[in-house]
Amino acid sequence: MIQEMAKDVVNAKERCMDAYEKAVTLQEKLNDAITLIDPSEQLETLPEGGLFHGVPIALKDNVNTKGILTTAGSRILSNYVPVYDAEIVTKLKKEGAVIIAKASMDELAMGGTNLTCFTGPSLNPWDTNRMTGGSSGGSAAMVASGVVPMAIGSDTGDSIRKPASFCGIVGVKPTYGRISRYGIIPYASSLDHVGYFTRSIEDACISLQALAGRDDRDMTSSFKEVPDYLGLLNSDMNGKKIAIFGNVQDALTNPETKEMFAKLMHALEERGAKVDVFYFSEELMKAMLPTYYLIANCEATSNHSNLDGIRFGVREKGDSMEEIMINSRTKGFGPLIRKRFVIGSYGLFEENQDKLFRKAQKVRRLIVNELNKCLGEYDCLIAPASNDIAPLLNDTSRDQLSDGYLIVENHMVIGNFSGYPSMTVPMGFEEGCPIGVNLTCKAFDEVTMFNIGKAIEEITGYKDLTAEVK
Ligand code: GLN
């Protein structure tokens, strides 16, 4: 889709204006953007050619855009207009992309519901009574509803791959260091990744082609050459070795999801793949979420200490500097963020650092060691991206602390612990709503990830899925 659009130069302007108008109309139903951007000005200065020539795109609102409001979904940044573009914005613009929206997100990218954005929740295009998932929910909704063929997201725990599952699209979190993070408002730096949503594997290949590459302004950016992902795309499964994530499969409680997943594994086998079940230590599985929370909250607390109304953010009144900071932070953040800062601060107290933060880092290493064992033998680790379709907006029925929930709904964080490439692709539908399957591959082996993803896309036939918003 992106390729055809980019080649269709004559219709570039009309296409982008149409996308913008569609975004404006759908905004009322989906609330998926924080800022809509009339593309007329960008269209005047469109460069010639490019992988994204005249292709409308959306950015998650934690991507800095020069002169355009960038809120990260938080009230405290509701007046923040950056003076520079993130590296990926520069790159995409050079390729001819046209930005039509800054998409809704969970506040500061914390959360998995998109209910915590200061402009209200974004709604699922397949069923507006349901969540998009988060934190990159607005970006996912804009792709799933057919407004744009690609939208940028960020993923610290599963924030691209979970909404991709709930919205029936492809969600890619490439290897740590593959895409520059310069100019992205951080959450937890050792886990943060930039990624994106598309509606097909081909588009996922082209997008990474445009986004990947070394950036001297991001010290975690890799020097590794960027392969020709699309040129290397090949869905032949002969000789591929696939490991089913046994702990996740066993913890599934939804029979429809179980069956759908089993059928898909069988189909991959029929195409020549060797499919086995791989088990992680159950202890480590249970430790996954607490480990994530500790590392993420500690890093977030440190990263966001500058959001105080003085250095950054909306300033509240106060008689002293301290009072201004306290008032600004109290009013500026929602309850979930404040809770996480309390946990983060506690983990960072000098007397707690060894027994909490550093211990979590050690457990993270043990988990990655197990993943390395698995990927030493297999090309990819695969599991459903969630037990169920997107929850209803008011759903509080699930026991989020049950062992099963902990495992099934949080396993994708392994891609952040390791930094390895991980992607969700559509797997099937339940009650008219989509659900995805997730695969994680070796570091910098996006080629294999796309190839297996392509085979899945061919098996399911779910390519260019677009929700008709009612
Ligand atoms: N849902 C996870 C959280 O609550 C993941 C967020 C993310 O990946 N940004 O933090």
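Every number in this text was worked out from the coordinates using simple rules, so none of it is lab data. In this text, all values refer to a predicted model and were calculated from it rather than measured experimentally. As a convention, Cβ positions derive from the backbone with ideal geometry for all residues, glycine included, and neighbour counts pool all protein chains shown.
Observations, loosely collected:
- Positive end of the dipole of region 345-470 (Cβ unit charges, origin at the Cα centre): among Leu356, Ala455, Met412, the Cα lying farthest that way belongs to Leu356.
- Scaling against 2.2 N^0.38 Å puts the C-alpha radius of gyration of region 328-468 at 1.30.
- Percentage of interatomic Cα-Cα distances in the chain larger than 36 Å: 23 percent
- Computed about the Cα centre, the dipole magnitude for the chain is approximately 840 debye when only Lys and Arg (+1) and Asp and Glu (-1) carry charge, each at its Cβ.
- With at most 15 neighbouring Cβ atoms within 10 Å, loop GluC sites (Glu not before Pro) (DSSP) excluded, longest segment of the chain: 226-430
- Span from the region 39-98 Cα centroid across to the region 432-470 one, whole angstrom: 26 Å
- Among the listed pairs Lys60/Lys93; Lys29/Lys331; Lys22/Lys93; Lys102/Lys224, those beyond 18 Å (Cα-Cα): Lys29/Lys331; Lys22/Lys93; Lys102/Lys224
- Extreme residue, positive dipole direction of region 88-192, given options Gly146, Thr119, Pro163 (C-beta unit charges): Gly146
- All lysines inside 27 Å of Lys263 as judged from Cα atoms, apart from same-chain residues fewer than 8 positions distant: Lys162, Lys173, Lys240, Lys241, Lys274, Lys373, Lys442, Lys454, Lys463
- The value for region 206-298 of Rg(Cα) / (2.2 N^0.38 Å) is 1.52.
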